[in-house]
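Colleague: Next up is a structure, given as C-alpha cells.
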Amino acid sequence: MKSIILEGLLALTIPEIVQQADLKIFIDTPLDICVARKVKRDIAERGRTLEQWIKQYERTVRPMYHQFTLPSKTHADILLPDGGNLSKSIALLRHYIVTYIHQDEVMMNE
C-alpha cells in the first residue's frame, strides 16, 4: 500500500487530484491573515515596495484567489481553521490515517 500526502495552494483545483484523493483537507485561513502574511513576505523576502505589492495584489493575487483558491475548498472533505488550536483536528486526522492504513493492510492479507 502506498500513501501520498500532497500539499499545495492549488492542489484542489486539479480535477484529477480531486477525483483520486481519498481524503481532501483545506486549511481555511481568513483572507486578512493571508494578505498580512503575503505583504510581510513579499516586502521582506522579495524586495517589493508596498506600492508594487498593492499593484500585484489588485491585478493578479485577488482575482486568482477568487477564481481558483476559494472555490477549491468546496472539494475538501475537511475544512481546518488556520490559526486555531489544531490539536484535536490533528489527533482526528492521525486516527483516520492510521485506521485507513490498517484497513488496507488487512485487505491485502485476506
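The values are calculated or read from the model by the stated rules, or taken from the named source; none is laboratory data. Worth saying up front: this structure is predicted, and the values here are computed from it rather than measured. Virtual Cβ from ideal backbone geometry, glycine too; neighbours counted across all protein chains shown. Heads up: the accessible areas ignore ligands, DNA and RNA and are worked out on the full protein's heavy atoms, side chains in. Shrake-Rupley method; radii C 1.70, N 1.55, O 1.52, S 1.80 Å.
Colleague: What angle do you read, to the nearest 10 degrees and between 0 and 90, between the alpha-carbon axis of helix 31-46 and the longest principal axis of the chain?
Modeller: So the helix axis and the longest Cα principal axis differ by about 70 degrees.
Colleague: Can you give the FRET efficiency for residue 41 and residue 99, using 1/(1 + (r/R0)^6), R0 = 25 Å, r = Cβ-Cβ distance, to the nearest 0.05?
Modeller: Details: r = 37 Å, r/R0 = 1.48.
The computed FRET efficiency comes out at 0.10.
Colleague: If one takes the longest principal axis of the Cα atoms in the chain, at what angle in degrees, from 0 to 90 and to the nearest 10, does the Cα axis of helix 87-109 lie?
Modeller: Tilt of helix 87-109: around 40 degrees.
Colleague: Calculate the dipole size of the chain relative to its Cα centre from +1 charges on Lys and Arg beta carbons and -1 charges on Asp and Glu beta carbons; express the result in debye to the nearest 20. Mind dumping the intermediate values first?
Modeller: Values: 14 positive and 14 negative charges, 131 e Å.
Dipole about the Cα centre, nearest 20: 640 debye.
Colleague: Also, I was wondering about something else. Rank 100, 80, 31 by how far each Cα sits towards the positive end of the charge dipole of the chain (+1 on Lys, Arg Cβ; -1 on Asp, Glu Cβ) and give me just the farthest.
Modeller: Going by the charge dipole, the pick is 31.
Colleague: For the pair residue 59/residue 86, report the inter-label distance in nm, with labels modelled 7 Å from Cα in the Cβ direction.
Modeller: Between residue 59 and residue 86, the label points sit 3.2 nm apart.
Colleague: What nm value, rounded to one decimal, do you get for the distance between residue 49 and residue 68 when each label is placed 7 Å out toward the C-beta?
Modeller: My value for the distance between the label points is 2.8 nm.
Colleague: Follow-up question, since we're still on this one. Accessible area of the chain with a 1.4 Å probe: how many percent of it is carbon plus sulfur?
Modeller: Values: 5140 of 8750 Å².
With neighbouring chains kept in place, the figure for the chain is 59 percent.
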